[in-house]
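Read the structure below first, then the notes.
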Amino acid sequence: MITEKNSEIYQRISQSIRNDLLSNNEIYQCLALASIGTIAPKDLVEVVVGDIIKMALFDQGRTPMFVRKKAILVLLRIFRKFKDKFTIDEGWSKAIYSMLDQKNLGFLCSAVGFLTGVVSLTSYSGFEENVPKLIRILYKLVINKDCSSDYLYYHTPNPWLQVKILKALQLFPPPTESKELSAVNEILTKIMTKTEVTKSVNKNNADHGILFEAVNLIIHYRNFINSDLRNQTTSLLGVFISVREPNIR
């Protein structure tokens, strides 16, 4: 209801929203984060950005995980809008590196999304250490099917996180370690060979969302992917272009 141009009102309410942000009530904190992230007006952001950076990146012990997840997404929103006002240092990379150790799959979705957003707007330089962890998480989901039942979507382990990781890997050069590259080849082979068209539209959409990001990663890695898999990718794309399901086609 209130546009960003109405700076006077944001100046008046900024301290009240900051008080909610710093309160011990998790509901107040979440509402404050939602208010900040919706428009991210300049006058409000200037007051709270330091608190959000601390909450998202450096306050791991005190901030509840679901509140911190929202803080990460709000920080990415602010960063996209006011990128020139940020100085990205090694603290950001270390914070993301630590985030990727979390077991909560919902939190990992936010963490990988944040990494992708930051790297796509800046450079992958300084963030390369996160690549092995991304591969490890993806391996658990695709090969080991290590996923709690509440994150299974039509028997597919957390397709949202799989897609996010595949997109994130496309922002980095191929891994140089043979063990990591071998794991990527195994993951991509599994995705390429096990994805089928089923009677469930929802499952098709999820599985093929993963498949097409896997194809993009194969294209990105070029000769670092074994030639059989590259040839198979070409053939498979030809098959899927001819299927009757319009979303896939």
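What follows is calculated from the coordinates using simple rules that are stated; it is not laboratory data. Note that the structure is a prediction, hence the values are computed from the model and not measured. Backbone-built Cβ (ideal geometry, glycine too); neighbour counts: all protein chains shown.
Details
- The calculated P(r) of the stretch 131-249, using every Cα pair and 10 Å bins from 0, goes 13, 48, 32, 7, 0 in percent.
- Ratio Rg/Rh [Cα only; Rh per Kirkwood] for the stretch 172-213: 1.12
- Among residues other than Leu121 with Cβ under 13 Å from its Cβ, the summed charge is +4 (Lys and Arg +1, Asp and Glu -1).
- Over the stretch 131-249, Cα pairs under 8 Å with separation of 6+ residues give a relative contact order of 27 percent.
- For Tyr153, the residues whose amide H sits under 5 Å from its own are Asn158, ignoring neighbours fewer than 5 places away on the same chain, with H placed 1.01 Å from N.
- Based on Cα contacts under 8 Å between residues 6+ apart, the chain shows a relative contact order of 13 percent.
- Semi-axes of the equivalent ellipsoid for the stretch 1-115, Cα gyration tensor, largest first, Å: 24, 16, 12
- For the stretch 112-197, chymotrypsin sites (Phe, Trp or Tyr not before Pro) meeting the loop criterion (DSSP other than H, G, I, E, B) and having at most 14 other Cβ atoms within 10 Å: Tyr154.
- Residue-span extension gain [Asp43 to Asn6] - 0.36 nm each, minus C-alpha spacing: 12.4 nm
- Angstrom value of the Kirkwood radius, inverse mean 1/r, which spans all Cα pairs in the stretch 196-238: 11.2 Å
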